[in-house]
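Below is one structure, written out as structure tokens, with a few remarks after it.
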Amino acid sequence: MPQTNKPETKSIKHFSVKELCQTLQISPLESGVLTQSEFPLKIPADFLAQIEIGNPLDPLLKQVLPVLAETDQVTGYTLDPVGDLNNNPTPSLIHKYHGRVLLIASPKCDIHCRYCFRRHFPYEQQINQRHWHKALELIALDESIHEVILSGGDPMSLSEKALVNLIEKIEHIPHIRTLRIHSRTPVVAPSKAPNKLLLEWAKKSRLNKVLVVHCNHANELSEQTAQLLQQYRTAGFQLLNQTVLLKDVNDNADVLIDLSHVLFNQGVLPYYLHQLDKVQGASHFEVPDLEALELHEEMRQKLPGYLLPRLVREIEGQPYKTPL
Ligand code: SF4
């Protein structure tokens with residue numbers, strides 16, 4: 001486990017890149033940092049505490065530190081790599097797959113992941129109460145939809161009250177059977193993840209409840225995440241994890257095997273291992289397909305089937321995530 005770093009909670013989210021480097025005792029020059037970015041540095045205190053001091057190669061640091069490689073212009077890397085804006089019948093609603101829709105519940109996240117496929121998404125045009133109202137009307141009119149996925153941004157970056165209010169509106173639609181929440185907050189900021197109103201709601205709700213967390217490396221998980229995830233399970237959530245395959249972060253079968261085991265110890269089943277979405281600014285995270293297939297095969301040989309995530313890629317226009 002990394003040497004832990006216990007900084008003041010309040011100042012963390014407003015760290016400049018230089019301040020982060022000072023706190024972690026790494027050289028900005030050697031790390032090739034980018035000091036100004038339209039997608040600024042954002043790192044929650046819990047996540048920072050899991051980063052090893054003095055290690056510029058720390059796999060958690062690599063996920064959040066802006067670097068000069070983000071300014072590379074690489075062919076094939078675009079602003080909207082999965083075509084969200086082509087499947088956007090009304091602001092805040094994305095409808096790509098049969099039977100389920102995605103509702104963008106928040107424009108914010110508790111962390112900024114440098115490889116994020118929505119790092120250029122025009123959230124300001126997509127989210128407000130009026131948009132939700134219209135999106136919920138459309139969902140209520142379409143009886144083929146039985147699952148609503150809350151995504152973002154990160155839905156758990158909403159206030160807990162706002163999140164539960166929105167969920168209750170969804171629950172009132174009779175043909176909705178399942179609520180799925182996609183959130184990185186329980187892993188990266190467990191001390192601020194919702195754990196009161198949401199859990200009370202979940203214990204009473206008629207809906208099937210799925211929480212898909214997003215964890216890329218076992219170092220992100222701690223005793224604190226274990227306790228929080230246990231609370232969600234007890235309240236009736238099925239817990240799944242999705243991981244993005246990232247160069248110099250987790251492009252190693254042993255690292256991913258360890259992640260599967262630690263997730264399972266915390267009650268979470270590995271679900272997807274995603275190939276990187278080719279978003280502008282993230283090309284330095286790409287792992288070639290052949291390498292991805294080789295390390296997935298090694299995982300298959302060493303893990304029980306229920307701990308092997310599916311290796312997939314999202315291709316615009318496909319009716320499901322495409323297996324490699
Ligand atoms: S938490 Fe999810 S949506 Fe937010 S920046 Fe990270 S990957 Fe993107």
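The values are calculated or read from the model by the stated rules, or taken from the named source; none is laboratory data. Quick caveat: nothing in here was measured; it's all calculated off a predicted structure. Cβ coordinates were reconstructed from backbone atoms using ideal geometry, including for glycine residues, and neighbour counts include every protein chain displayed. Keep in mind that these areas ignore ligands, DNA and RNA; they rest on the heavy atoms of the full protein, side chains included. Shrake-Rupley method; radii C 1.70, N 1.55, O 1.52, S 1.80 Å.
In this structure, the residue pairs whose Cα-Cα separation is over 31 Å, taken from 203/278; 18/192; 204/247; 169/247; 42/96; 42/196, are 203/278; 204/247; 169/247. Of the beta bridges in the chain, as assigned by DSSP with both residues counted there, near 15 percent are antiparallel.
For the range 107-233, the relative contact order comes to 26 percent (Cα pairs under 8 Å, sequence separation of at least 6).
What percent do you get for the relative contact order of the range 84-323 when only Cα pairs under 8 Å and 6+ apart count?
Working: 422 pairs, mean separation 39.0, N = 240.
Computed over the range 84-323, the figure is 16 percent.
Based on the alpha carbons, how large is the Rg to Rh ratio for the range 12-71 when Rh follows Kirkwood?
My calculation of the ratio gives 0.90.
Show me the trypsin sites (Lys or Arg not before Pro) within the range 8-103 that DSSP assigns to loop and that have at most 16 other Cβ atoms within 10 Å of their Cβ.
Working: sites: 10, 13, 18, 42, 62, 96, 100; in loops: 10, 42, 96.
Passing sites in the range 8-103 are 10.
Checking every one of the GluC sites (Glu not before Pro) in the range 36-126 against DSSP loop status and a limit of 15 other Cβ atoms within 10 Å picks out 38. Residues whose amide H lies under 5 Å from that of residue 150, counting only those 5 or more places away or on a different chain, are 103, 180, 181, 182; hydrogens are built 1.01 Å from N in the peptide plane. For the residues 232, 272, 320, a 1.4 Å probe over the protein chains yields an accessible-area ranking, largest first, of 320, 272, 232. For the range 203-272, the C-alpha radius of gyration divided by 2.2 N^0.38 Å, with N the number of residues, is 1.16. Whole-Hz Karplus values for the range 213-221 come out as 8, 9, 9, 10, 8, 4, 5, 6, 9 Hz, taken residue by residue from phi with 6.51 cos²θ - 1.76 cosθ + 1.60 and θ = phi - 60°; glycine and proline positions read x. Counting Cα-Cα pairs of the chain in 10 Å increments starting at 0 gives whole-percent bin shares of 6, 26, 36, 26, 7, 0. At what distance in angstrom do the alpha carbon centres of the range 149-219 and the range 249-284 lie from each other? Centre-to-centre (Cα) distance: 21 Å.
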